[in-house]
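First up is the structure itself, then whatever we jot down about it.
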Amino acid sequence: MLNSTISYFILEAYIHVGTLRYFYFMITAVMYTVILVANTSLIVVICMNRSLHEPMYLFLCSLFVNELYGSTGLFPLLLVQILSDVHTVSASLCFLQIFCLYTYVNVEFCNLAVMSYDRYLAICCPLQYNSRMTSSKVFIFIILLWSYCFVKFLITLSLNIRLTLCGNIINSLYCRNYLVVKLACSDTEVNNIYGLFATAGSVLVPLLPILFSYTKILKVCFSGSKQTRQKAVSTCTPQLVSLLNFTFGCCFEILQSRFDTSGVPTVLRIILSLYFVVLQPLLNPVMYGMQMSKMRSACRQLLCHKKLSVHKDGL
């Protein structure tokens, strides 16, 4: 049950921009539309093309679904706030946004971790790959990582909802878990203890397989043939770029939530606070759609098929 003393929160980070709000609204709406179209298109390509029903592309499909999930947790409310004169959000909607954004972050890291393990098997154990990474195991991995992230943060959120809050002003463009907890005037010891374990789980669970996988892959690259190195580079580059980009965005978000960043220019703070949930869903479709030859071929085939269908209908 939600704390009855607080029915809404005030998002204080919005600055008065006058009629420029319509320009920012349009830019934000265009970005959200591009994210929806790009990620949905690649999901459709993977689902419709039987040659892409392989472990790596199924994990990619899960990743693209998560991009849609995370961006939908941010953009609709952000668009409403841009046009509003009073930047308030109901407590229930605020906690829902917190749940969506934080589970999005956890799923993203776990999905990238599973993908790194998949690449380790493909490059370091090619003869055993088909037996160790079957379709049923892929679906089990995907179900487990989504379930783990949802259940873990559901416990965090249930502990936070029970807190007695003595304020309702959040210095942010959207709802953040740590900033809401800072408003509490009741005992937060249990929240802090569980928060430490949850944070350790969020970091260590994906980090260990990522470090293990890429360490093994690098060893194979240095000791293997030129063909092996080319295969490793072509399949691992998009994942490494995606991982480093997302890690950078999340690190700044953590630093901004827990430390005083008033010395940083306001516009830069706003851009970097949105970085992890805006650039990642835009970057991943480009990285994986353009860098992976099989994805490019499947996209071209689908586009040619649509053009042919339209041509026939016109006749």
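The values are calculated or read from the model by the stated rules, or taken from the named source; none is laboratory data. Only a predicted model underlies this, so the values are computations on that prediction, with no experimental measurement involved. Every residue, glycine as well, gets a Cβ built from its backbone with ideal geometry; the counts of neighbours run over all protein chains shown. The area values use the complete protein model at the heavy-atom level, side chains included, leaving out ligands, DNA and RNA. Shrake-Rupley method; radii C 1.70, N 1.55, O 1.52, S 1.80 Å.
Every residue, every condition in (1) aliphatic (A, V, I, L, M); (2) surrounded by fewer than 14 Cβ atoms within 10 Å (Cβ to Cβ); (3) under 27 Å from Tyr275 (Cβ atoms), yes or no:
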| residue | (1), (2), (3) |
| --- | --- |
| Leu208 | yes, yes, yes |
| Leu211 | yes, yes, yes |
| Thr215 | no, yes, no |
| Lys219 | no, yes, no |
| Ser225 | no, yes, no |
| Gln230 | no, yes, no |
| Val241 | yes, no, yes |
| Asn245 | no, no, yes |
| Gly249 | no, no, yes |
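The rows are residues; the columns are (1) in contact with a Cys (Cβ under 8 Å, 6 or more places away or on another chain); (2) of a type in the set (Gly, Ala, Ser); (3) open to solvent by 60 Å² or more (accessible area, probe 1.4 Å).
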{"site": "Ile6", "(1), (2), (3)": "no, no, no"}
{"site": "Arg21", "(1), (2), (3)": "no, no, no"}
{"site": "Val30", "(1), (2), (3)": "no, no, yes"}
{"site": "Thr33", "(1), (2), (3)": "no, no, yes"}
{"site": "Ile43", "(1), (2), (3)": "yes, no, no"}
{"site": "Phe64", "(1), (2), (3)": "no, no, no"}
- Item | helices (runs of 4 or more DSSP H) fully within the range 87-172 counting 3 or more residues that are within 20 Å of Thr72 (Cβ to Cβ) and open to solvent by 60 Å² or more (accessible area, probe 1.4 Å) | 91-124
- From the list Phe222, Phe197, which residue is assigned to a helix (DSSP H, G or I), in contact with a Lys or Arg (Cβ under 9 Å, 6 or more places away or on another chain) and without any contact (Cβ under 8 Å) to a residue 24 or more places away in the chain? Phe222
- Item | Residues of the range 173-184 that turn out to be more than 13 Å from Gln97 (Cα to Cα) and part of a loop (DSSP other than H, G, I, E, B), as a count | 2
